[in-house]
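Notes follow the structure.
The values are calculated or read from the model by the stated rules, or taken from the named source; none is laboratory data. Fair warning: this is a prediction, and the values are worked out from it, not measured in the lab. Cβ: placed from backbone, ideal geometry, glycine included. Neighbour counts: every protein chain shown. Keep in mind that these areas ignore ligands, DNA and RNA; they rest on the heavy atoms of the full protein, side chains included. Shrake-Rupley method; radii C 1.70, N 1.55, O 1.52, S 1.80 Å.
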Amino acid sequence: MTKFVKLSNGIDMPIIGLGTFKVRGVDVLRPTLETAIAAGYRSIDTASVYRNEADIGLLLKELLPRHELERREIFITSKLGPKDHGKGRCRDACLGSLEKLGLSDIDLYLIHWPGTQGHAPGDAGNPTRRLESWRDMEQLYKQGKCRAIGVSNYTERHLTELLDQCEIAPHVLQTEYHPHLVRPGLLSLCQQHNILLQAYSSLGTTVSPEQKNKLLHDETVLSVSKEVNRSPALVLLRWAVQQSIGVIPKSTNLEHIRSNLEVFDFKLTNGQMDKLTSLDQQHHYCWNSETVL
Ligand code: NDP
């Protein structure tokens with residue numbers, strides 16, 4: 001069963017959630033969500049750009065009663081599409097996501113990307129537009145439409161800029177984080193401000209298929225996996241969770257969905273944690289927002 005972390009505003013967030021990037025269509029989503037909920041997942045990560053919010057909304061209506069779960073027992077995250085940055089636009093986008101999901105409020109709403117789609121990464125308007133989006137999110141939070149708010153793909157620079165200007169500090173930062181991309185500076189900035197760091201691509205999934213699952217086949221990961229008699233995927237998830245970093249592994253394989261929850265059933269030694277951390281290559285398998293002004 002899932003464990004929880006307390007966000008800075010007192011809200012409990014499951015430390016593991018189900019990722020749904022590229023999981024689309026009711027036929028795929030139904031067995032995926034059904035298996036996840038039955039196994040004990042209580043958190044689902046989606047985004048406007050994943051184009052699956054409406055299907056997830058439909059399935060929540062079907063699955064929550066079937067599993068005798070109240071709305072509050074499931075934690076839903078969605079994200080502002082990078083095309084929807086700006087004053088009023090962010091508010092409309094969030095309300096649009098709520099409508100698709102069939103919810104009156106969302107547990108966590110994130111700015112997906114610090115830049116605006118359709119503008120160059122170096123565009124001088126990016127900082128203003130993302131601040132305007134944050135102002136909308138602060139209002140949505142105060143109005144109870146979002147129970148927690150946060151950012152995604154913000155580097156230390158983007159986060160410091162936000163912390164300097166915000167009225168409400170982000171509760172969560174979701175970013176790529178795994179043993180091939182260790183970010184101690186970002187993690188310590190988050191810890192300093194009581195922002196929960198939530199990792200994506202914990203298993204090193206990449207947008208370029210030729211590099212697929214390089215992390216899952218790393219020799220050190222495989223040797224630790226043998227030592228603890230758990231799968232390489234579980235070792236990578238445990239490495240994050242043991243540092244109080246949230247994880248949202250994506251899977252449509254029903255056995256993987258179930259087994260990923262075993263992350264709470266074992267521990268890594270300090271030596272094994274250090275070995276994994278020492279694999280750092282500053283390698284991004286997914287997006288790198290460093291160039292976004
Ligand atoms: P993950 O690191 O979660 O890896 C997913 C891949 O790993 C899939 O190919 C899956 O295949 C495989 N997998 C899952 N469990 C196991 C297992 N136990 N053993 C072997 N293989 C396994 O990648 P994602 O990039 O999907 O990231 C996770 C989630 O994070 C996304 O779904 C999304 O919700 C979020 N995300 C957010 C981003 C952002 O910009 N904020 C960017 C990217 C992701 P299979 O289905 O066959 O199990």
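Structure values in brief
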quantity	calculated
Given (1) touching a Ser or Thr at 6+ places or on another chain (Cβ under 9 Å); (2) open to solvent by 50 Å² or more (accessible area, probe 1.4 Å), number of the condition SER104 does not satisfy	(1)
Yes/no for GLU262 being at pLDDT below 95 and not in a loop (DSSP other than H, G, I, E, B)	no
Given (1) within 11 Å of the ligand (Cβ to nearest atom); (2) of a type outside the set (Phe, Trp, Tyr); (3) under 15 Å from the mean Cα position of the chain (by Cα), number of the condition ILE76 does not satisfy	(1)
Unique residue being without any contact (Cβ under 8 Å) to a residue 60 or more places away in the chain, under 11 Å from LEU293 (Cα atoms) and not polar (S, T, N, Q) when the list is ARG135, ARG157	ARG157
Residues of the range 33-56 satisfying the condition of being more than 26 Å from ALA93 (Cα to Cα) and of a type outside the set (A, V, I, L, M)	GLU34, THR35, GLY40, TYR41
For THR269: the one exception among (1) free of Cβ contacts under 8 Å to residues at least 40 places away in the same chain; (2) within 12 Å of the ligand (Cβ to nearest atom); (3) β-branched (Val, Ile, Thr)	(2)
Single residue of the range 214-236 satisfying the filter (open to solvent by 40 Å² or more (accessible area, probe 1.4 Å) and at pLDDT below 95) that is nearest to THR20 (Cα to Cα)	LYS214
Residue, nearest to the chain's Cα centre (by Cα), within the range 259-282, restricted to residues that are within 19 Å of LEU181 (Cβ to Cβ) and surrounded by fewer than 13 Cβ atoms within 10 Å (Cβ to Cβ)	GLN282
Those residues of the range 73-87 which are open to solvent by 20 Å² or more (accessible area, probe 1.4 Å) and in contact with a Lys or Arg (Cβ under 8 Å, 6 or more places away or on another chain), in sequence order	GLU73, LYS87
Given (1) part of a helix (DSSP H, G or I); (2) surrounded by fewer than 23 Cβ atoms within 10 Å (Cβ to Cβ), index of the condition TRP239 fails	(2)
Unique residue being within 16 Å of the ligand (Cβ to nearest atom) and without any contact (Cβ under 8 Å) to a residue 40 or more places away in the chain when the list is LYS250, LYS214, LYS226	LYS226
Considering residues of the range 134-178 that are within 21 Å of GLN281 (Cα to Cα) and surrounded by fewer than 16 Cβ atoms within 10 Å (Cβ to Cβ) only, the residue farthest from the chain's Cα centre (by Cα)	ARG157
Within the range 214-231, tally of residues that are over 17 Å from VAL182 (Cβ atoms) and outside any loop (DSSP other than H, G, I, E, B)	7
